[in-house]
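The values are calculated or read from the model by the stated rules, or taken from the named source; none is laboratory data. All of these numbers come straight from a predicted model, not from anything done at the bench. As a convention, Cβ positions derive from the backbone with ideal geometry for all residues, glycine included, and neighbour counts pool all protein chains shown.
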Amino acid sequence: MPDKKMSLLMFSGDYDKAMAGLILANAARDIDVEVTMFFAFWGLFLLRDPDQMTQEDKTVYEKLMGWMTPKGPEELPLSKMNFSGLGKWMLTEMIEDNEAPKLIHFLKGARKKNVKFYGCKLSVEIMGFKEEEFIPELEIVDAQTYLRDALESDVQLFI
Amino acid sequence: MPDKKMSLLMFSGDYDKAMAGLILANAARDIDVEVTMFFAFWGLFLLRDPDQMTQEDKTVYEKLMGWMTPKGPEELPLSKMNFSGLGKWMLTEMIEDNEAPKLIHFLKGARKKNVKFYGCKLSVEIMGFKEEEFIPELEIVDAQTYLRDALESDVQLFI
Amino acid sequence: MPDKKMSLLMFSGDYDKAMAGLILANAARDIDVEVTMFFAFWGLFLLRDPDQMTQEDKTVYEKLMGWMTPKGPEELPLSKMNFSGLGKWMLTEMIEDNEAPKLIHFLKGARKKNVKFYGCKLSVEIMGFKEEEFIPELEIVDAQTYLRDALESDVQLFI
């Protein structure tokens, strides 16, 4: 379906919701649907590169925000039944038992399959993140760039 | 509006969000809009039939998942102000005071009005649910079946 | 883009999600896209006018609901990392450090730019709110009015 387009606004920063978004993105690319993912607020944590974190040029609040929040995909909590990590550990075990791919693999898949990664400029500024702290595919854009893209899409979801 | 179509991705498994989704589904059917609801992850708990639960052929994790999670619509928690059930009890009392229908009635309505019920295959497998544990209308499908349906819809929401 | 239309279903009542919705609404109006926001359940708390609260003609539950819930935009909690208000305080400080507008300013902007404000009739009745407790632009409508509007929109999100 090469003339179809999907736009996902990734807001939540939960492991399970990130999984849902990335499963949809991979499935859409497999049937040749164009996909844009726009990461805002907590959603940005999914795209942090744990090896590229920096504390330079940051205010105290920005440093705190950097420390206290998940560093990359595998650190994201569950939206429900997280139980300080126990629930998430159980879920990832169950995913392995089923030989299903983990979050990191779905992210890798989305990057390989040319999903378009947008990051919300205002969120990045407020949280004090630097562009180099994210995966290199991420392009920082404003809300209107997201909107123009979403208005041309056949499916839009807020996740 | 018989040529219009709505697609709801029911992810959350909260009482109040399930209510929102089912109210929209019923309202849409009443004006002749076609409706598909695709239940994934926590959303599947809404469609469990409390009389059809089984522990057979399940791993320890899958049994735990079956025990620890809500068994059917009336056991779902609120997304906010649940207060270990007190907030939900108050809300359901307020619904009764207003003689408004409860969640179970909206679900019954949706089933009668021929809403299409899809369940996410991957979620069902990972959580170890059996098809017979759900309401009989539920058809287990993969993410691409959801996508193809959503791409043809006029409204898509992630709830 | 004057022939384009966006429809936002504001369900959550979280500070950060209200912010996301209002930023999108403002950005859309700036490029001449028509915007409808339909406030349901917890989403209604955003539009309460703290100076117009009343306890008259309310049941005990309705009074409790009025007391225990956020009174207007600046009282809304964060969806994540709220830490009894500490996380939210930090976030609002970071917003100020960046000289970015606060939630209340985005709401003011949306009101000035003629965003259409709809409130869910059933939610208002169940929670026992009176029409005069909300901002005057809010029009109380049923789910079908929302649906008909959403079906004609180019973007629909459930926030």
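Details
- Residues that are within 11 Å of chain A (Cβ to nearest Cβ), in contact with a helix residue (DSSP H, G or I) (Cβ under 7 Å, 6 or more places away or on another chain) and surrounded by 15 or more Cβ atoms within 10 Å (Cβ to Cβ) within region C:76-96 comprise C:LEU78, C:SER79, C:LYS80, C:MET81, C:MET90, C:MET94, C:ILE95, listed in sequence order.
- Residue in region A:94-103 that is touching a Phe, Trp or Tyr at 6+ places or on another chain (Cβ under 9 Å) and over 26 Å from B:LEU147 (Cα atoms) present: yes
- Residue list for region C:23-45, filter: outside any loop (DSSP other than H, G, I, E, B) and over 13 Å from C:PHE158 (Cα atoms): C:ILE23, C:ALA25, C:ASN26, C:ALA27, C:ALA28, C:ARG29, C:ASP30, C:GLU34, C:VAL35, C:LEU44, C:PHE45
- Top-ranked residue of region A:45-97 - restricted to ones that are of a type in the set (Lys, Arg) and closer than 27 Å to A:GLY128 by Cβ, ranked as farthest from the chain's Cα centre (by Cα): A:LYS58
- Meets criteria (modelled with pLDDT under 95, within 14 Å of chain A (Cβ to nearest Cβ), out of contact with any Cys (no Cβ under 7 Å at 6 or more places or on another chain) and over 18 Å from B:LEU157 (Cβ atoms)) for C:ASP3: yes
- Qualifying residue in region B:49-58 (condition: crowded, with 18+ Cβ neighbours inside 10 Å and touching a residue at least 12 places away in the same chain (Cβ under 8 Å)): no
- Of the residues in region A:13-30, at least one is hydroxyl-bearing (Ser, Thr, Tyr) and within 11 Å of chain B (Cβ to nearest Cβ).
- Among the residues making up region A:111-139, a single one is closer than 23 Å to C:MET94 by Cα, without any contact (Cβ under 8 Å) to a residue 40 or more places away in the chain and within 13 Å of the chain's Cα centre (by Cα): A:GLU139.
- Count - residues of region A:31-46 that are more than 8 Å from every other protein chain (Cβ to nearest Cβ) and more than 19 Å from A:LYS88 (Cα to Cα): 8
- From A:GLU62, A:GLU56, residue being part of a helix (DSSP H, G or I) and modelled with pLDDT under 95: A:GLU62
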